[in-house]
Amino acid sequence: MDKIIKISELLSEEMIIDIKSDTKNDALEELLETICKSSKITNPKVFRKAIHNREKLMSTGVGYGIAIPHARDKSVKDFVIALGRKTKGLKYESIDDKPVKLIFMIGASDKQDKDYIRLLSRLFLRLKNQEFVTRVLAAKDPVEIIDIIKTTK
């Protein structure tokens with residue numbers, strides 16, 4: 001039986017930020033700055049490039065005010081997630097052309113194929129829940145966001 005990957009166990013308070021930037025690229029840089037502090041990322045430069053290359057391939061703005069920039073790379077030892085909030089939204093070239101308010105950045109090792117797909121789909125399903133998204137956006141701090149993620153099915 002496969003182990004269930006819990007987003008709440010992969011996301012820590014220091015990996016949650018309120019994005020100050022108003023452009024997609026600057027917002028990605030803010031999140032990269034945060035996520036690269038993780039010891040799970042052995043080569044921040046390589047990971048940064050992997051995220052930008054993935055974004056060039058196709059925007060990770062999945063609609064519903066959500067973006068999930070992600071990369072699998074050998075510079076990552078294990079799953080790492082950072083979350084950026086921009087309550088007023090920012091232009092992100094999303095598939096529905098709506099501004100993005102939540103950006104979940106995910107890094108995974110190049111060996112985590114199945115779990116990586118599973119994690120992305122779990123996250124996407126969770127983020128389609130409008131009440132969940134609204135609560136995360138309204139949360140007063142990272143502690144409350146983690147709590148919302150833990151308690152929402």
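The values are calculated or read from the model by the stated rules, or taken from the named source; none is laboratory data. Since this is a predicted model, take the numbers as computed values, not measurements. Glycine also receives a Cβ, built like all others from the backbone with ideal geometry; neighbour counts cover every protein chain displayed.
Data for the structure
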| item | result |
| --- | --- |
| Matching residues in the range 51-64 - criterion: being surrounded by 22 or more Cβ atoms within 10 Å (Cβ to Cβ) and in contact with a Lys or Arg (Cβ under 9 Å, 6 or more places away or on another chain) | Thr60, Gly61 |
| The range 34-55 residues that are within 20 Å of Leu11 (Cβ to Cβ), paired with ones that are aromatic (Phe, Trp, Tyr) (beta carbon under 8 Å, 6 or more apart) | Ile35/Phe47; Cys36/Phe47; Lys40/Phe79; Ile41/Phe47 |
| Of all residues making up the range 77-95, the number that are assigned to a loop (DSSP other than H, G, I, E, B) and closer than 14 Å to Asn25 by Cα | 4 |
| Residues located in the range 80-138, provided they are of a type outside the set (Lys, Arg), surrounded by 15 or more Cβ atoms within 10 Å (Cβ to Cβ) and over 19 Å from Glu55 (Cα atoms) | Gln112, Asp115, Leu127, Phe132, Val133, Val136, Leu137 |
| Yes/no for Pro99 being in contact (Cβ under 8 Å) with a residue 12 or more places away in the chain and under 19 Å from Glu131 (Cα atoms) | yes |
| Qualifying residue in the range 2-18 (condition: in a helix (DSSP H, G or I) and free of Cβ contacts under 8 Å to residues at least 12 places away in the same chain) | yes |
| Every residue from the range 68-88 that is without any contact (Cβ under 8 Å) to a residue 40 or more places away in the chain, small (Gly, Ala, Ser) and closer than 20 Å to Leu102 by Cα | Ala71 |
| Selection count, the range 123-152, where residues are in a helix (DSSP H, G or I) and among the basic types (Lys, Arg) | 3 |
| Residue selected from the range 25-76 under the condition assigned to a helix (DSSP H, G or I), modelled with pLDDT of 95 or more and among the basic types (Lys, Arg), by the criterion nearest to the chain's Cα centre (by Cα) | Arg48 |
| Any pair with Cβ under 6 angstrom, 6 or more apart, that starts in the range 106-126 at a residue that is free of Cβ contacts under 8 Å to residues at least 60 places away in the same chain and closer than 18 Å to Pro69 by Cβ and ends at one that is crowded, with 19+ Cβ neighbours inside 10 Å and β-branched (Val, Ile, Thr) | Ile106/Ile81; Ala108/Val76; Ser109/Val76 |
